[in-house]
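Below is one structure; the comments refer to it alone.
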Amino acid sequence: MFEVVILTVIPELTQKDFDALLPFVSPDKQERIKQFHLFRDARNCLLGDILARVEICRFTDLSMKQIDFSVNEYGKPFIADKVPIQFNISHSSNYIACAITDGPVGVDIELVKTADMQIAKRFFTTDETAYIMDGHKIIRFYEVWTKKESRIKWEGMGLHKPLPSFSVFKLNSQEQIAYHNVFQDNEAICHVCSTNQRPPVVRIIGTAEFINSII
């Protein structure tokens, strides 16, 4: 089991659909979602949570409301129930990604926009920066960025692990991790980090299909 679902929020989620989906998450999460000032942030938080629940249900006997999420000391979410499944969520603008497998996994999706090369020099290693400067700078910048983000999310440490402390091009033989490019179009790019060497099954769905499968 190694799957990634990319939810493209097209068409836009209506307030009516938002209100209908809200009860599918925990009361605590509902309160957190209501605290967002921007609808897009609230929408992405809600859809990411529900997307993970839907995927977990596909591989377990749990119902969506039976799934209890918790977080580790660094804030990485996991399933509190003792089931052999791990997941990770990422969202950016109108894209939401959920990776699910039977071991540690990290996923990061980012919009491809202008890139500040000073950020690369500050947060990337020498070989990563050289790679970026030797080709299509913007694409390579986000390639490296999403790989690094997926790696620290795979470890479950978030930004407590400094980005310059490792290179995505120098893998530790004991870890045996792999980076998989699971989505890329003119607007966004997504990478997954996992010990699975084979690429995951990738599904891309739109808002209408997603909502119809739930409500």
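Things worth noting here:
- Residue-span extension gain [Met157 to Lys137] - 0.36 nm each, minus C-alpha spacing: 4.4 nm
- Charge context of His160, other residues only, Cβ under 15 angstrom, K/R +1, D/E -1: +2
- The stretch between Lys16 and Glu209, if pulled fully straight at 0.36 nm per residue, gains 67.9 nm over its current Cα-Cα span.
- Residue order for Glu3, Glu175, Glu31 - accessible surface, 1.4 angstrom probe, largest first: Glu31, Glu175, Glu3
- Hz values of 3J(HN,Hα) by residue in the stretch 199-215 - Karplus curve (6.51, -1.76, 1.60), Gly and Pro given as x: x, x, 6, 10, 10, 10, 10, x, 4, 4, 4, 5, 5, 5, 7, 10, 8
- Nearest 10 degrees, 0 to 90: helix 137-155 Cα axis against the chain principal axis: 60 degrees
- Cut-off 12 Å (backbone N to label point 7 Å along Cα→Cβ of Asp61), residues of the stretch 68-90: none
- Mean residue ellipticity (222 nm) of the chain, computed from DSSP H runs ≥ 4 via -39,500 (n - 2.57), nearest 500: -10500 deg cm²/dmol
- Lys, Arg +1 and Asp, Glu -1 on Cβ, resulting dipole of the stretch 106-215 about Cα centre, debye, nearest 20: 220 debye
- Computed over the stretch 115-178: relative contact order in percent, which uses C-alpha pairs under 8 Å that are six or more apart: 40 percent
- Square roots of 5 times each gyration tensor eigenvalue, C-alpha, the stretch 40-175, largest first, Å: 30, 17, 12
- Amide H contacts of Gln86 (H built 1.01 Å from N, in plane; Pro and chain starts excluded): Thr101, Asp102, Gly103 sit under 5 Å, all sequence-distant by 5 or more or on other chains.
- Note, ³J(HN,Hα) from phi for the stretch 181-194, Karplus 6.51, -1.76, 1.60, rounded to Hz, x at Gly and Pro: 7, 9, 7, 7, 9, 6, 10, 8, 9, 9, 10, 10, 10, 7
- In the chain, taking the dipole from charged Cβ atoms about the Cα centre, the farthest positive-side position among Gln15, Cys193, Leu46 is held by Cys193.
- Volume of the convex hull of the stretch 39-85 (Cα atoms only), normalised per residue: 76 Å³.
The values are calculated or read from the model by the stated rules, or taken from the named source; none is laboratory data. Because the structure is a prediction, the values reported are computed rather than measured. All Cβ positions, glycine included, derive from the backbone under ideal geometry; neighbour counts span all protein chains shown. Ligands, DNA and RNA are stripped out before the accessible areas are found, and what is left, the full protein with its side chains, is counted by its heavy atoms. Shrake-Rupley method; radii C 1.70, N 1.55, O 1.52, S 1.80 Å.
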